[in-house]
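Notes to accompany the following structure.
The values are calculated or read from the model by the stated rules, or taken from the named source; none is laboratory data. Being a predicted model, the structure only gives us computed values, none of them experimental. Please note: Cβ atoms are built from the backbone with ideal geometry, for glycine as well, and neighbour counts cover all protein chains shown.
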Amino acid sequence: MSFLAMKKLPRRTLLRGAGVSVAVPWLSAMEKATAGAKGSAPLAPQRFVSMTLGLGLLASELNPEEAGRDYKPSQYLKKIDDIRDSFTVISGSSHPGVKGGHLAEASLLTANPAGGTGGARNSISIDQLMAKHLGDATRYPSLVVGSAGSNSPSYTENGAMIPAETSPSAVFAKLFIDDAKDEKAQRVRRVRHGRSIMDLVASDAKQLNRQLGAGDKRRLDQYFSSVRDLEVRLAKSEAWAKRPKPTVDRKRPVDIGNSNDFIGRQKLMSDMIRLALQTDSTRFISYHLGGSGGVLPIAGVEEGYHALSHHGKDEKKLEQLTLIETEIVATWGQFLRDLASVEDAEGNLLNNTSVILTSNLGNASNHDTRNMPVLLGGGRFRHGQHLAFDQKNNYPLPNLYVSLLQRMGLPMDQFASGTSTMTGLEMT
């Protein structure tokens, strides 16, 4: 019997050789050092996926009439009621001060009112804040994808939008297809060139330090710290550039050419997201589904999706819109099931992945940003409930983001206008 078979492995097992240490991914043989300890963090890394819609969801078909745990499933929730213990419905919440209709897409993950003005500078989105502090453990700190167009709700610290990758085929190649040897060598050279520039800058700055006063020396020391931080990140980039990408038992997908096949594209990109999480290629993903202007290939749908969202309470349009949105929510639910089918430390992948589905529009017909639709799945929260807040005096949704940040293990008690964790949402 081998040594590995004789005893449980510690979670942070390293393989060492020739001066190199390689972290081993979670294996079933690894001991559960914190299992059963009240309040202890699970051994598996926590992950976050946001799925955002540009055209909202009908509140009357999404939100149950009853609050609490004994709610009767709404029209949209009927197809996913078998997993009701894996998600929470949240109604009566929104981002305080955020207006602007479609422009408020920029505020979805930042909760910054400036995002809805179309001109003011935005702030960092929650996915990028998580990636900033925890993203260095994976090849890609974060992944920003979309169904159509490059717009995304993901923003850097400087308020710059991160363009979304809309091709599932390109995402697959990025995650799982190794570059050719010459391309890999070129990438390593680029990283090393960046490191050499940092060395030169640091050398010049040290000479300058001798001529500065105390205040400037402190500022220069802060600069040195940022330089050293960048050097560390560049060194890690070089290590990833040399390391082979993971392999998966799946062929590279063929992109869906029909731009109106909204659901088909949602399913395909969701599958790429699952693979990214399953291989631990990244842990923080934002997926903006936007909204199609054309007629979706769904039986009973005869008008364009965007036109249907501006229904004006027309019954025929509402019937067609309900068909579309039922499938959107059902596909989101299937994504949760797929994550739950993947074994992970301390349970399955869904246990350790918080998945949010939301939109900047609570009512797309009149571009109202209040009463945003919100579904939260996974992430070891105590689910199976409808958190129903005041429809007129909305609860601050940024408080949910504080809960999500703390779920990742980040000691933060504020995000944008959120100043506490979400009322009624408990961690298990």
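Miscellaneous remarks
- Residue count for the range 272-294, restricted to those that are charged (D, E, K, R) and within 14 Å of residue 355 (Cβ to Cβ): 2.
- Residue in the range 88-99 that is in contact with a strand residue (DSSP E or B) (Cβ under 6 Å, 6 or more places away or on another chain), surrounded by fewer than 17 Cβ atoms within 10 Å (Cβ to Cβ) and touching a residue at least 12 places away in the same chain (Cβ under 8 Å) present: yes
- Inspection of the range 70-79 finds a residue satisfying the criterion of being more than 20 Å from residue 267 (Cα to Cα) and either touching a strand residue (DSSP E or B) at 6+ places or on another chain (Cβ under 6 Å) or in a helix (DSSP H, G or I) (or both).
Residues checked against (1) more than 22 Å from residue 128 (Cβ to Cβ); (2) in a loop (DSSP other than H, G, I, E, B):
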| site | (1), (2) |
| --- | --- |
| 244 | yes, yes |
| 249 | yes, yes |
| 258 | yes, yes |
| 267 | yes, no |
| 271 | yes, no |
| 274 | no, no |
| 280 | no, yes |
| 288 | no, no |
| 295 | yes, yes |
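- Reported count of residues in the range 331-374, each being in a loop (DSSP other than H, G, I, E, B) and either of a type outside the set (Ser, Thr, Tyr) or not assigned by TED's automatic domain parsing to the domain that holds residue 81 (or both), is 17.
- Looking across the range 117-155, the residues that are touching a Gly at 6+ places or on another chain (Cβ under 7 Å) and of a type outside the set (S, T, N, Q) come down to 118, 121, 141, 146, 148, 149.
One line per residue, one yes/no per condition, for (1) in contact (Cβ under 8 Å) with a residue 60 or more places away in the chain; (2) in contact with a Leu (Cβ under 8 Å, 6 or more places away or on another chain):
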position: 335; (1), (2): yes, no
position: 361; (1), (2): yes, yes
position: 384; (1), (2): yes, no
position: 420; (1), (2): no, no
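- Residue match in the range 308-330 (condition: closer than 26 Å to residue 137 by Cβ, in contact with a helix residue (DSSP H, G or I) (Cβ under 6 Å, 6 or more places away or on another chain) and buried (at least 22 other Cβ atoms within 10 Å of the Cβ)): no
- Lone qualifier among 86, 152, 142 - being touching a Leu at 6+ places or on another chain (Cβ under 7 Å) and under 26 Å from residue 278 (Cβ atoms): 86
- Test: residue in the range 321-333 that is farther than 15 Å from residue 377 by Cβ and without any contact (Cβ under 8 Å) to a residue 40 or more places away in the chain: yes
- Residue that is modelled with pLDDT under 95, under 26 Å from the mean Cα position of the chain (by Cα) and surrounded by 14 or more Cβ atoms within 10 Å (Cβ to Cβ), where the choices are 77, 53, 43, 58: 43
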